[in-house]
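The values are calculated or read from the model by the stated rules, or taken from the named source; none is laboratory data. Please read these numbers as outputs of a predicted model, since none were measured by experiment. Glycine gets a Cβ as well: all are built from the backbone with ideal geometry, and neighbour counts include every protein chain shown.
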Amino acid sequence: MRKKGFTLIELLVVIGIIGLLATIAASAINTARSKAKIASAQHDIDQIAKAIDMLVVDTGQWPGHQAYNEVGSGASNEICGTDNDSPPASCSSGLSDGTSGIMGDDLSFSNWSGPYMLKIPSDPWGYEYFFDTDYQVNNQNQPCKCDDTFGCTNAVVVGSYGPDGLGVPTGGANAYGCDDIIKILYK
């Protein structure tokens with residue numbers, strides 16, 4: 001007479017299947033979290049871009065008293081905070097400083113009617129957003145060093161250093177990270 005119940009092999013197969021399903025679910029959750037952080041950064045960047053647009057309408061200047069609708073060049077045109085590696089040498093102020101004109105006025109903006117944002121949030125990875133008037137992008141509007149086979153041009157952007165938190169991961173000036181999340185304001 002045979003006893004009813006599960007054999008050891010049957011139990012191991014069921015445990016293996018449950019483990020496989022748990023691994024697949026965990027992977028899907030991590031992918032969803034990554035996409036949610038990118039979407040959050042894109043939303044914040046859109047809000048900062050709207051604040052910059054309001055600043056431009058009132059004062060006729062980009063943040064940092066830079067000429068509107070002009071692609072800049074040289075040092076000190078970036079407005080950003082520290083990145084994951086070190087403070088970028090060319091960033092003397094962040095978007096929340098009065099010189100940017102978004103949250104406050106350094107008393108040098110004519111017709112300033114802000115604040116245009118009450119607070120500049122950190123990106124989902126804990127870093128400050130940046131504004132750059134000579135950010136290099138390719139013809140597909142992606143950071144140039146990711147794929148420069150299409151040629152590169154300077155653009156005015158607001159963005160995030162992305163998940164790696166690095167403003168300039170390799171290659172020196174204007175070698176942006178492929179994971180940077182940007183919005184082009186002028187090209």
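Listed values, structure above:
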{"read-out": "Hits in region 103-127 - residues which are out of contact with any strand residue (DSSP E or B) (no Cβ under 9 Å at 6 or more places or on another chain), closer than 20 Å to residue 38 by Cβ and not small (Gly, Ala, Ser)", "value": "120, 121"}
{"read-out": "Subset of region 108-117 (residues that are farther than 22 Å from residue 161 by Cα and either touching a residue at least 40 places away in the same chain (Cβ under 8 Å) or loosely packed, with under 12 Cβ neighbours inside 10 Å (or both))", "value": "108, 109, 110, 111, 112, 113, 114, 116"}
{"read-out": "Positions within region 118-166 being surrounded by fewer than 20 Cβ atoms within 10 Å (Cβ to Cβ) and hydroxyl-bearing (Ser, Thr, Tyr), in sequence order", "value": "122, 149, 153"}
{"read-out": "Some residue of region 114-127 being at pLDDT below 90 and within 15 Å of residue 159 (Cβ to Cβ)", "value": "yes"}
{"read-out": "Leading residue by the ranking (surrounded by the fewest Cβ atoms within 10 Å (Cβ to Cβ)) among those in region 37-61 that are over 13 Å from the mean Cα position of the chain (by Cα) and among the hydrophobic types (A, V, I, L, M, F, W, C)", "value": "57"}
{"read-out": "Boolean, residue 21 is assigned to a helix (DSSP H, G or I) and farther than 30 Å from residue 123 by Cα", "value": "yes"}
{"read-out": "Selection within region 119-149 - in contact (Cβ under 8 Å) with a residue 12 or more places away in the chain, in a loop (DSSP other than H, G, I, E, B), within 25 Å of residue 97 (Cβ to Cβ) and of a type outside the set (A, V, I, L, M)", "value": "119, 121, 123, 124, 125, 126, 127, 128, 129"}
